[in-house]
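The next block holds one structure in the form of structure tokens; read it before the comments.
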Amino acid sequence: MAWFVLVVSGAMEAVWATALDKSDGLSRLGPSVVFALGCALSMGGLAYAMKTLPVGTAYAVWVGIGAVLTIVYAMMTGAESVSIVKICLLLGIIGCVIGLKLVH
């Protein structure tokens, strides 16, 4: 259960990071509310997962999932350029996250 919650929390990290960007410095209400809710859910899920998972593993997986999803979303919306190098590096992060799960 902790791993499932951790993966969802990592996805919520991508939600709050994207909402923070869209909030224009927390000056737009809608994205600011999404940011606050996403942040609370993300941090709460990370805290729950860390009850049973080692802090280093949990944090690395959480950050990795959030970073990859944030960049992929930005690439899909055109906010960030797409290149084969970026895709390979993102696949490397995904491989590391999977590796951390496998060795746990």
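The values are calculated or read from the model by the stated rules, or taken from the named source; none is laboratory data. Fair warning: this is a prediction, and the values are worked out from it, not measured in the lab. All Cβ positions, glycine included, derive from the backbone under ideal geometry; neighbour counts span all protein chains shown. For accessibility, only protein heavy atoms count, side chains too; no ligands or nucleic acids. Shrake-Rupley method; radii C 1.70, N 1.55, O 1.52, S 1.80 Å.
Report yes if Ile71 is open to solvent by 60 Å² or more (accessible area, probe 1.4 Å) and under 24 Å from Gly38 (Cβ atoms), otherwise no. Write out each step before concluding.
Numbers: open to solvent by 60 Å² or more (accessible area, probe 1.4 Å): no; under 24 Å from Gly38 (Cβ atoms): yes.
Judged against the criteria, Ile71 is not a match.
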For segment 1-26, pairs from a residue that is open to solvent by 40 Å² or more (accessible area, probe 1.4 Å) to a residue that is at pLDDT below 95, with Cβ under 7 Å and 6 or more apart or across chains, are Trp3/Lys101
Run Ser81 past the list (1) open to solvent by 90 Å² or more (accessible area, probe 1.4 Å); (2) modelled with pLDDT of 95 or more and report the number of the one that doesn't hold.
-> (1)
Does any residue in segment 48-67 that is closer than 16 Å to Ile94 by Cα come within less than 6 Å, Cβ to Cβ, of a residue that is of a type in the set (A, V, I, L, M, F, W, C) and part of a loop (DSSP other than H, G, I, E, B) six or more places away or on a different chain, and which pairs are these?
-> Ala58/Met50
